[in-house]
Amino acid sequence: MTRSEIALTGRDQLVPLLETAIVRITLGVLFLVPLVFPIAQEGHPFSELKVLVLHLGMLLVAVLWLWQLVLKSQTGDRGSETAESFRILTWLGRNPARWAVLAMVVMWLAQAISTSLSPLPAISFFGGDEQFRGNSLYDSFALLVVFLVIVVKFRTGERLEQAAWVLIGSATIAAAYGIAQHFGWDPLGGRTSGRVLASFGNTINFSAYLGMALPVTIAISLRKSGADRKLLVLLGLALALQLAGMWFSESRGPFVGAASALTLLFAGIALIRSRSDLVQSAVVLGIGVLGAILLTLLPTSQRSQGLTAALSIGSEISNIGTGATSSDGGGGLQGRLQNWRNTLEIAKGWDFPDEESGAKSLVRPVFGLGPEMFSYSYPLVGDPHPDRHFTAHPHNYALQVLIGQGWLGFLLLVSSTLLILAAAWFAVRRLRSATDQLPAIDWILIAFSAALIGKIVESQVGVARVSDLTMTFALAGGIVAVSELVNRSFPAEFQETRSTTSGIAISRQSAFGLAIAGAVVSTILASYLIVSWDVRRFSASLDITFAPRAADGTVELSGLVGAQENAPERKNFTFQLANLYFIAAKNAWQDGRADDAHGLAFAARGLLVEFEKRNPYERETQLALAKTSSTLVDWGFTQYSDEMHARYLKLAELFPTYPSLVSTSATALAKVGDNAMAIELAERAIATESETKPWSVAWYAKGAALINLKLFDEAIEAFNTAIEKEPESGSARLAHGALAFIYRQRGETELAELHTKEAGG
């Protein structure tokens, strides 16, 4: 055997090994993402391990896939000088599944353009809010790889069935964990009260994932002809756990999604399977429902509100259009509707905290504000908030895409979804009319389609995260893959159309050179992303986990400093460290060590300023910097007065729909002497009282500014109003103190003493 023949044989052996690795890594990612979470919660966002597994697994899959293509390009016809040309229109033909694949790829490319145009490209690429992972370009790339690898590598009944078992297994394990939480046993997360979260960190994501598993758990009993009684019982028990876990989650949106999925599942079985198969599926459902009822009836100190949540769905729907309202971010459908209306207001003007160039503002409707930018625009248009509840997501996946990626991204999302569902429908229709049945894959088509549609229904009111988005994209890819299997078995309907467009034909040697160059560059880029971002940030979390601790269990300063230096973009680390410095500064000031107090406060300020450079619109950062400057001014460091003025003014400009922040800013501006602006901000907050609640702090701020302007009669009126609005509030006590000052100046001793007493001395 010649050397070239030996090399060719080695390549031939390596290609299937890479194939096996790609498939197994993908299945491992699908299994682990919903289940992994940090047991040691301190220092770890709940979704950190999920994102780490997703990124690491899918980047590895992408790199292995590229190298496999390189090897395949050298194992073809060695005598051919020219690579076969590829005609995209010929490949697409009239096949909706293939058009769906194209739409998904183009949607990600459009998201890449949106990211490049984003006001904060780094945040749009990597993500800003660690609790709502799944919307950044990096996350979207990993999800796209999940979709594509299922489409291309899982085009066999065996592999699609493996994916189905992964969904069933992970959902059943998560459900069992959630049930254990409900009954007061959680040795891992310590969560034994309230609605169960299982391994998801959020009840909606947990319940939505179970909703996808329900139809697959039932349908997999049809994988072989004839009923296997033991398998039916096992699947029924798994279904019982899933149903009980969903019931204990008390999530109404997933309830509706699951009901939709099960309805479509049995409709699909009735369309293409026999009556005995329908009965068999009903038996599995019956066992599951009976088992779930028994689990919910077991005695426990934690009372389930599942029935209340389910019964309230009807009233939520019937209240639409009655004029009932809910504060932004409030629970229920009314809160969602208000949220959606305000989100659509963003899509009318595409407002953002900073002014943009004319060119960027022109393309905003097309490409959106950029991924992860929703939370910075929403406070500019939302209804006034009665509290400081922060709306970080529109509670609708399509609207999230609309704001982040514009109308182009929205239309591509809708198009790809409709194309996938069309591919499923055409495949079902062909299976129903065919004389030759495909029992090994028809149940997969029905189950995956029902699960995906149920998830689509749920996502209209839910908050999709990587924990459930990963399997959602896998199900979409599975529908495309099984529809291609059906097309292969019945090739007449979707024959590829002829195209007059010439494909690109290049020499095989050139093609190999381009392929290997792309594989090398992709390997380097993937390695850089994993090491510089995912591994580095996870290492910082481990610094916190294994850091020395004080007697009360808190992390010692050295461990927190090391973690923050390793991952300064992590808000949690920066804020914890800045807070420690600031507390130490206050203690130093109380002990009379002014220089130490200033140094520690300045250290806290420095950390926040560095974080602000990466994200100048983040609410907690701006509020913390404003409070820091205000404290320094209170301590007599008047050189920070201008900064204090600018920061509180910026806070009011960034969050005009938060009367509490606007009122606080008004008070601060009165303190530094900008009385006109203080009164203007106070009146802005006061104007929202009919929609929110009384704002004693705003009336106090207005009165303080009026005192500065020597308008004492108007100030007395404002302070009395502050007291009337919220008599027991801190602002009311401050108003009493201000009134005592005014009456003392006027020589009205009796009134001054009365208000001094009410102010607490």
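The values are calculated or read from the model by the stated rules, or taken from the named source; none is laboratory data. Note that this is a predicted model, so its numbers are computed, not measured. Using ideal geometry, Cβ is built from the backbone for each residue, glycine included, and neighbour counts are taken over all protein chains shown.
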Counted residues, region 375-426 - those being touching a Phe, Trp or Tyr at 6+ places or on another chain (Cβ under 7 Å), under 17 Å from residue 461 (Cα atoms) and not hydroxyl-bearing (Ser, Thr, Tyr): 10
Selected residue (only one of 72, 50 is surrounded by fewer than 18 Cβ atoms within 10 Å (Cβ to Cβ), at pLDDT 80 or above and either in contact with a Gly (Cβ under 6 Å, 6 or more places away or on another chain) or not hydrophobic (A, V, I, L, M, F, W, C) (or both)): 72
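Listed here are the residues, each with its yes/no results for (1) of a type outside the set (Gly, Ala, Ser); (2) within 14 Å of residue 477 (Cα to Cα); (3) touching a Pro at 6+ places or on another chain (Cβ under 6 Å).
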{"residue": "122", "(1), (2), (3)": "no, no, no"}
{"residue": "129", "(1), (2), (3)": "yes, no, no"}
{"residue": "142", "(1), (2), (3)": "no, yes, no"}
{"residue": "158", "(1), (2), (3)": "yes, no, no"}
{"residue": "188", "(1), (2), (3)": "yes, no, no"}
Close pairs (7 angstrom Cβ cut-off, 6 or more residues apart or separate chains): within 25 Å of residue 194 (Cβ to Cβ) and among the hydrophobic types (A, V, I, L, M, F, W, C) in region 303-326, modelled with pLDDT under 65 and loosely packed, with under 13 Cβ neighbours inside 10 Å anywhere: none
Residues located in region 545-597, provided they are among the β-branched types (Val, Ile, Thr), surrounded by 15 or more Cβ atoms within 10 Å (Cβ to Cβ) and not in a helix (DSSP H, G or I): 555
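Take residue 387 and tell me if it is surrounded by 16 or more Cβ atoms within 10 Å (Cβ to Cβ), over 21 Å from the mean Cα position of the chain (by Cα) and in contact (Cβ under 8 Å) with a residue 60 or more places away in the chain. Show your work before the answer.
Numbers: surrounded by 16 or more Cβ atoms within 10 Å (Cβ to Cβ): no; over 21 Å from the mean Cα position of the chain (by Cα): yes; in contact (Cβ under 8 Å) with a residue 60 or more places away in the chain: yes.
No, not satisfied.
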Number of the condition not met by residue 573 [criteria: (1) within 23 Å of residue 390 (Cβ to Cβ); (2) at pLDDT 90 or above]: (2)
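Restricting to region 105-144, what's the tally of residues that are part of a helix (DSSP H, G or I) and of a type outside the set (A, V, I, L, M, F, W, C)?
Step one: of region 105-144, the residues part of a helix (DSSP H, G or I) are 105-117, 121-126, 137-144.
From what is left, the residues that are of a type outside the set (A, V, I, L, M, F, W, C) are 111, 114-116, 121, 124, 138-140.
Going through region 105-144 one residue at a time, the tally reaches 9.
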Any hit, region 209-227, residues being under 24 Å from residue 462 (Cβ atoms), of a type in the set (Val, Ile, Thr) and in contact with a Gly (Cβ under 7 Å, 6 or more places away or on another chain): no
Enumerated helices (runs of 4 or more DSSP H) restricted to region 601-690, each holding at least 1 residues that are in contact with a Pro (Cβ under 9 Å, 6 or more places away or on another chain) and of a type in the set (A, V, I, L, M): 641-654, 659-671, 675-686
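Kindly indicate whether residue 193 is surrounded by 17 or more Cβ atoms within 10 Å (Cβ to Cβ), touching a residue at least 24 places away in the same chain (Cβ under 8 Å), among the hydroxyl-bearing types (Ser, Thr, Tyr) and not in a helix (DSSP H, G or I).
For residue 193, the condition - surrounded by 17 or more Cβ atoms within 10 Å (Cβ to Cβ), touching a residue at least 24 places away in the same chain (Cβ under 8 Å), among the hydroxyl-bearing types (Ser, Thr, Tyr) and not in a helix (DSSP H, G or I) - is not met.
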Helices (runs of 4 or more DSSP H) within region 202-289 that include 2 or more residues surrounded by fewer than 20 Cβ atoms within 10 Å (Cβ to Cβ) and either assigned by TED's automatic domain parsing to the domain that holds residue 395 or touching a Lys or Arg at 6+ places or on another chain (Cβ under 7 Å) (or both): 229-249, 252-272
